[in-house]
Every structure is written in structure tokens, then in C-alpha cells.
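Colleague: Structure incoming, see below.
The values are calculated or read from the model by the stated rules, or taken from the named source; none is laboratory data. From a predicted model like this one, the values you see are computed outputs, not experimental measurements. Here Cβ is always computed from backbone atoms with ideal geometry, including for glycine, and neighbour counts include all displayed protein chains. Heads up: the accessible areas ignore ligands, DNA and RNA and are worked out on the full protein's heavy atoms, side chains in. Shrake-Rupley method; radii C 1.70, N 1.55, O 1.52, S 1.80 Å.
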Amino acid sequence: MLTSLQLKNFKSWANTGPIRLAPLTVIFGGNSAGKSSLGHLLLALKQTVLSADRKRSLNLGDSTTLIDLGTFIDCLHNHDVNLPLGFEIGWDLPKTLLVRNALNSSKRIFGNAMNLRSSIGVDGNTAQPETLGFRYLLFDRHNKVALETEVTKNRRSFDLTAKGIKLVRWPGRGWPIEAPEKFYRLSEASLARYQNAGFLREFALATEAVLRAIAYLGPLRDPPRRIYQWSGDTPEDVGQRGEYATAALLSAEREGRRLKLPKVRKLQGFSEVIASQLQRLGIIKSFSVSPVAADRKEYEVLLRTTHQGTEVKITDVGVGVSQVLPALVQAFYCPANSTVWMEQPEIHLHPQVQAELADVFITAIQARENSEPRNVQLVIESHSEHFLNRLQRRVADETIKAEDVAIYFARLDSNETKIEPLRINDFGDIENWPENFFGDEMADLTARAVAAAERLGKMKS
């Protein structure tokens, strides 16, 4: 699970400053304020990890990848090539990482959390991104730095340094290390020059694991279909447009995945969980996914909107169901220790349903699978006041702890985006409301009262 994020010189962000990421993180802000750029960089990091090209510092993408960021210069704040793109991510490790010193068997370092800071500049010859350096911090269970390693670029090559362990080169291998691979690791040839730097492979694997575990659901989802195809595959997630939501649901059901929801005594099958959460939203009374015929790979999504109503296909009801279904499936489908980034999951939903959606997401991060916490994290970009109001209420009534929620407001100030953390206390109160957070409601009320008074005066004259 990601615990922190910071961007420098990326698109509209000169410097976000440290952003704390809680199990449920919600980001508000005006249109084109730069909220989505936060998630877009994480997607670029993920697709770089997935790329077979080890020499590419940052995979900016194309039409076949998770995200297409254009050219590297397009990504730089004010297109300033003199300032490198910098980012820092922190995360909790799913299990304790043990670092052994190959030169001292009694020297063991244990880590429970990590932090990676990386800097990427413009190659003067190719205008492509090149890694200028990166740094790892390994934290112990007391959140103290147990080990620090850093790769930095000097005039002609790169240097590797460490604190917490003394790195020792092999005799006769004193030549400089090679340029980093991607933005987070050293080549095997570079590591082979040291007698005890093998732990950096574990750091790279931990980085790959946390970034692979990021899923993204965009604001524009596929329209509903009368027939869905599923040939038995297991999708990684529901897709950026929710196109694999039905396949994910069927796959989870086939695998026998069962969840224990808060305040529900029994374990529930995956389809039962999704049906119960749709009912909780108040938009359907029953829900099922059924094969069109035996031994076929065609399926239809059927539902009832009232207890006595006729069962109909998802295409025959309002668009809200089909738009929120991928968000629900993704929230419960993602494996343990995942981070799910969603844009406007409340789109096309009635205000009351938007409020209920906050309850569903709280349930998703608190659900258990195989009697174990899932440690799933949801990062939500939203414009919904109703979603926020319900979230505040649930903090107040202790359904969720205040520290498990992080709320931010992003605003475009001149040519730079600023992000402001909103302080929510144990009573659900936000102690530092930004100006015009959801528009100037008081100005509208005042203007309406003035207009009504003027009209009444005209009627009397």
C-alpha cells in the first residue's frame, strides 16, 4: 500500500510537497486543476516496470499502453528542460524484508516500509528521459531509517553509496558502475562489482511489486452490452473503462473467492457481495450474471429495479448501474496490498447514491478475505459534495478512523497547481475549508434573495 507521494516539475505541478496517502484518499478540485496528473505519473511508472526495455528510464506510452504522456518535454512543468522530473513514493511492505550482509552473517537489517526517490532529466543528445539518480530508504518497525542507498551521477559515470551497511567492491573491479536501468535499479553487471550489494535486487523487486499492484479506472466507462463474452480468463483488473468488469466478476466467482464484510456475520461469494452493494446503493433489488445457454461463453447481466419488477438486462435500465458497476467490482476484486486509482466513480449517479458510494468504499477497504485483512487502498478523484458529507459522517460515528482517511483540494494558481490537505478531526469536522471548495453557495443564496426582493418590489409598484 502506498503511504506517500511527491512530484516535482511534472506537468502543472512544480512541487506537490509530501502527500500522505491513506487507505481511503479523496482528491477534490476544479476541472483541469491537475488532479489526474498524480495518477497518470503512477501509471507511467507502472508501465515502465512492465516494459521489456531496461534502458528506457520512463515509458511515456502510446496508444497500446496504460497512459500516453506524449514527449518527455511535454511532461515537464513549463517545458523547462533545465529542471529534472522528480518523484518520491513511500509504501508499506506486505511482509518484513530481511537484508543480509554477505560479508557479515551476524549483520541483519529488517525493514517494514520503503521509500524511493528518483530524478529523471533530459538527454541532451536524444531529448529522451535519462535517470540522473535514485535513492532508497528502508524503515524498521519503529519507522526509523535502517538502511539508505543512493545512486548519483557525477561528470562521467555513477556512484553508489550506502548508510547502514558498508559496501565492498571485489578486488580488480574498481571501474565505474553503469547507468541505472529504468528509474529504480542497477544492472547485474554493476551489482557484480560489489561483494555485498545483492540486496538492491530485493529493493528493485519490492518497487516492481508495489507499482504492478496499481489499478486505474477512468471517468469514461464503456456503455452496457446486451451480451458479454467470457472464455474463462482471469483479468488483472476491470480495465481503464471497466470493459473487463463482467469477466472479473465471473473469474472471482469461479475461483470461489469469498469475503467477510464489516457487520456481516457470514462469508459471502463474490457475486453476492457485488449484488449486496448494488442493493445498498438503492439502485437495484436483484443482480446476477448468467450464461445465455449451457456450454456457451456468452453471458448477460440481469437485474430487477423493484421487488415485483420483471428481470431485465442491464442495457434496459438507467446508465448509472453500468457506470458504477466497474467501480464496485474493482474495489472488491483487486488483490491484497493493491492501490486502486479511480476518477469520478460517482458519475451519472443520483446525489443520494453518491453518498451511499462512500459507505461502499469504506466497506471495501475494511473487508477481509481468507480471514486476513486485504490492505487495499482506494484513491478517489471526485467532485461530489454528497460523497464527502457521508465520509465526514462515518468518521464522526467511528465507522472509519480519521487517520484512515486523507482528503485534498487541488487548485490551479496562475500556472502552477497547489494541493491543500484538509484536516478532518475525530468528529468528522473539516477544520480548514478552502475558499469556494464546492462553489460560492452563499453568493448564490444572497443573489437569489436580492433578485426575489427586487422582483417583489416590481410587482408591488
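Colleague: From the list 68, 92, 159, 74, which residue is over 24 Å from residue 190 (Cα atoms), part of a strand (DSSP E or B) and open to solvent by 40 Å² or more (accessible area, probe 1.4 Å)?
Modeller: 92
Colleague: Can you pull out the residues in the stretch 94-110 that are farther than 15 Å from residue 166 by Cβ and touching a helix residue (DSSP H, G or I) at 6+ places or on another chain (Cβ under 9 Å)?
Modeller: Answer for the stretch 94-110, where residues must be farther than 15 Å from residue 166 by Cβ and touching a helix residue (DSSP H, G or I) at 6+ places or on another chain (Cβ under 9 Å): 94, 97, 98.
Colleague: Kindly indicate the residue of the stretch 209-221 that is open to solvent by 30 Å² or more (accessible area, probe 1.4 Å) and outside any loop (DSSP other than H, G, I, E, B) and also farthest from residue 317 (Cα to Cα) among those meeting that condition. Before you say what the answer is, go through the steps one by one.
Modeller: Of the stretch 209-221, the ones open to solvent by 30 Å² or more (accessible area, probe 1.4 Å) are 209, 212, 219-220.
Among the residues that remain, those that are also outside any loop (DSSP other than H, G, I, E, B) are: 209, 212.
Details: 209: 40, 212: 35 Å.
If we take residues in the stretch 209-221 being open to solvent by 30 Å² or more (accessible area, probe 1.4 Å) and outside any loop (DSSP other than H, G, I, E, B), then 209 is farthest from residue 317 (Cα to Cα).
Colleague: Looking at the stretch 222-267 only, could you name the residues that are part of a strand (DSSP E or B) and over 26 Å from the mean Cα position of the chain (by Cα)?
Modeller: Residues of the stretch 222-267 part of a strand (DSSP E or B): 228-229, 258-260.
Residues satisfying the conditions are 228, 229.
Colleague: Let me ask you something else. For the stretch 133-156: of the residues being charged (D, E, K, R) and surrounded by 13 or more Cβ atoms within 10 Å (Cβ to Cβ), which is nearest to residue 49 (Cα to Cα)?
Modeller: First, pick out the residues of the stretch 133-156 that are charged (D, E, K, R): 135, 140-141, 144, 148, 150, 153, 155-156.
Retained after the next criterion (residues that are surrounded by 13 or more Cβ atoms within 10 Å (Cβ to Cβ)): 135, 140, 148, 150, 153.
Details: 135: 17, 140: 26, 148: 22, 150: 19, 153: 22 Å.
Among them, the one singled out is 135.
Colleague: Would you be able to tell me the number of residues in the stretch 176-199 that are in contact with a helix residue (DSSP H, G or I) (Cβ under 9 Å, 6 or more places away or on another chain), touching a residue at least 60 places away in the same chain (Cβ under 8 Å) and surrounded by 21 or more Cβ atoms within 10 Å (Cβ to Cβ)?
Modeller: 4
Colleague: Considering only the stretch 140-156, state which residues are closer than 18 Å to residue 92 by Cβ and either part of a loop (DSSP other than H, G, I, E, B) or modelled with pLDDT under 95 (or both).
Modeller: Listed by number, the residues that qualify are 140, 141, 142, 143, 144.
Colleague: What's the number of the condition residue 135 fails, among (1) over 14 Å from residue 57 (Cβ atoms); (2) in contact (Cβ under 8 Å) with a residue 24 or more places away in the chain; (3) in a strand (DSSP E or B)?
Modeller: (2)
Colleague: Could you give me the residue pairs with C-beta distances under 6 Å whose first residue belongs to the stretch 239-255 and is among the aromatic types (Phe, Trp, Tyr), whose second residue is open to solvent by 10 Å² or more (accessible area, probe 1.4 Å) wherever it lies, and which are 6+ apart or on separate chains?
Modeller: That search, which allows pairs on different chains as well, returns 244/235.
Colleague: I've got another one for you. If only one of 32, 37, 51, 63 is within 18 Å of the chain's Cα centre (by Cα) and either without any contact (Cβ under 8 Å) to a residue 12 or more places away in the chain or surrounded by fewer than 21 Cβ atoms within 10 Å (Cβ to Cβ) (or both), which one is it?
Modeller: Working: 32 fails: within 18 Å of the chain's Cα centre (by Cα); 51 fails: within 18 Å of the chain's Cα centre (by Cα); 63 fails: within 18 Å of the chain's Cα centre (by Cα).
Unique residue meeting the criteria: 37.
Colleague: Further, regarding this structure: If only one of 306, 315, 310 is among the polar types (S, T, N, Q) and open to solvent by 70 Å² or more (accessible area, probe 1.4 Å), which one is it?
Modeller: 310 is the lone residue from the list that is among the polar types (S, T, N, Q) and open to solvent by 70 Å² or more (accessible area, probe 1.4 Å).
Conditions (1) touching a Leu at 6+ places or on another chain (Cβ under 7 Å); (2) over 13 Å from residue 199 (Cα atoms), marked per residue:
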residue	(1), (2)
135	no, yes
138	yes, no
145	yes, yes
149	yes, no
152	no, yes
158	no, yes
165	yes, no
